[in-house]
Amino acid sequence: MRKNEEKIKIIRSSLALQKNSKKMLAQGKSIGLVPTMGALHKGHVSLIKKSVKDNDITIVSIFVNPVQFGANEDFAKYPRRLLADAKLCGEAGASIVFAPQPNDMYPFPLQTFVHNPALESLYCGAYRPGHFAGVLSVVAKLFNIAAPSKAYFGEKDFQQLHLIRKMACDLNFPVKIIGAKTIREKNGLAMSSRNEYLSLEERVAAGSIYAGFLAAKKLHGQGVVSVAKLKSVVKEIIERASGKVQYVEIVNKNDLMPVRAKVLKKAVVLVACHFGKTRLIDHVEL
Ligand code: AMP
């Protein structure tokens, strides 16, 4: 057993974590925060390891945040396995798991939300009303509770990462936002806690998202700049594998605004689609 695995501390109360962080900061220790919803996989572990490398103390929050789920979404069935997750966090070198209950984070119904009206209703936001306000609000709370100087998020949730960077900048959070590359399965499927919902066949078929991305990247590399053409190639490959595409969009990498006709600057393809009942999202830079 490694040292940290023995020492991993699970803190359940936000007040206790806030006090602990205050103490750590007074001792001159730097704090890294990795916010997650648990059911940890190699993608999460890559974020934790980055934080462990950069900071004296790494806090991994594990909280399935009710405020970011719609009424008909998977809040109730989202996988929860705190002890296995805490073990993984310890093995990756984290110091603290913060695992509050909803009534600790929300002793009263939340009335104060962080919004980004320009971006919260685009792309995923169009299909998940209220989702990004829920995410931004809980991340703002976590920043105030954990007091990190750095916080780690996956590029996998590309729109989310952009919104969090914008929030930290717009609202002067003293936190550096660090993005990390998407970790994928062998067939290219981005790792996700929701992959557990997929049947074996669906998991294989969902490799088509990445295959679509590779095809679009290849075409773009050959000089194809038509947004319509690049989008349709991704859509067709996913649909051929029985995926149901919710949206394929090509957006500017810097401001996430849609690219209308031709890809002439750094751009990213965003996709949301269903395999069976499972909704998956992914992105690739062209
Ligand atoms: P989640 O538990 O799904 O809310 O994710 C917690 C954090 O891990 C978010 O910042 C995600 O973007 C990040 N993440 C999720 N999947 C991956 C992955 N496959 N590779 C890298 N980061 C990921």
- [ ] Please give the calculated 222 nm ellipticity per residue for the chain, where each DSSP H segment of at least 4 residues contributes -39500 (n - 2.57) and the sum is spread over every residue; nearest 500 deg cm²/dmol?
- [x] -12000 deg cm²/dmol
TODO: Please arrange LEU47, LEU219 by accessible surface area, largest first, computed with a 1.4 Å probe and ligands excluded.
DONE: LEU219, LEU47
Task: Whole-number accessible area per residue in Å² for the chain, which is evaluated in the context of all protein chains at 1.4 Å - done: 49
Open item on the list: Net charge around TYR78, counting only other residues with Cβ within less than 12 Å of its Cβ (Lys, Arg = +1; Asp, Glu = -1)?
Closed with: +1
Task: Pairwise centroid distance, computed over Cα atoms, of the range 24-72 with the range 122-175, Å - done: 13
Open item on the list: Under the rule of at least 5 residues apart or a separate chain, name every residue whose amide H is placed under 5 Å from the amide H of ALA267.
Closed with: LYS253, LEU286
- [ ] Indicate, rounded to the nearest 5 percent, the antiparallel portion of the DSSP beta bridges found entirely in the chain.
- [x] 50
Task: Percent accessible area from carbon and sulfur atoms, the range 193-280, protein chains only, probe 1.4 Å - done: 54
Task: Stretchable slack from LEU214 to PHE113, in nm (0.36 nm times residue separation minus alpha-carbon distance) - done: 32.6 nm
- [ ] Quick one: order PHE98, PHE69 from most to least accessible surface, probe 1.4 Å.
- [x] PHE69, PHE98
TODO: Please state, to two decimals, what the Cα-based radius of gyration of the range 1-127 comes to when divided by 2.2 N^0.38 Å (N = residues).
DONE: 1.15
Open item on the list: At q = 0.22 Å⁻¹, what log₁₀ I(q)/I(0) does the range 86-139 have when each alpha carbon counts as one equal point scatterer in the Debye sum?
Closed with: -0.84
- [ ] Note down the nm distance, to one decimal, between modelled labels 7 Å out along Cα→Cβ at LYS19 and at ALA76.
- [x] 3.6
- [ ] Express the carbon and sulfur contribution to the solvent-accessible surface of the range 1-145 as a percent, rounded to the nearest whole number, probe 1.4 angstrom.
- [x] 56
Task: Over 27 Å (Cα to Cα) - which of LYS23/LYS50; LYS23/LYS253; LYS77/LYS218; LYS53/LYS217; LYS77/LYS235 fall in this group - done: LYS23/LYS253; LYS77/LYS218; LYS53/LYS217; LYS77/LYS235
Open item on the list: What does the extension gain come out to for ASN103 and ARG260, with contour length at 0.36 nm per residue minus their alpha carbon separation?
Closed with: 52.1 nm
- [ ] Report the percentage of all Cα-Cα pairs in the chain whose separation exceeds 28 Å, rounded to a whole percent.
- [x] 38
Open item on the list: How charged is the neighbourhood of ALA261? Take every other residue with its Cβ under 14 Å from the Cβ of ALA261, and add Lys/Arg as +1 and Asp/Glu as -1.
Closed with: +4
Task: Heavy-atom SASA rank of ASP85, ASP170 (probe 1.4 Å, accessible area, largest first) - done: ASP170, ASP85
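The values are calculated or read from the model by the stated rules, or taken from the named source; none is laboratory data. Note that the coordinates shown come from a computational prediction; the quantities given were computed from them, not determined experimentally. FYI the Cβ positions are ideal-geometry reconstructions off the backbone, even for glycines, and counts take in every protein chain you see. Only protein heavy atoms, including side chains, enter the accessible area calculation; ligands, DNA and RNA are left aside. Shrake-Rupley method; radii C 1.70, N 1.55, O 1.52, S 1.80 Å.
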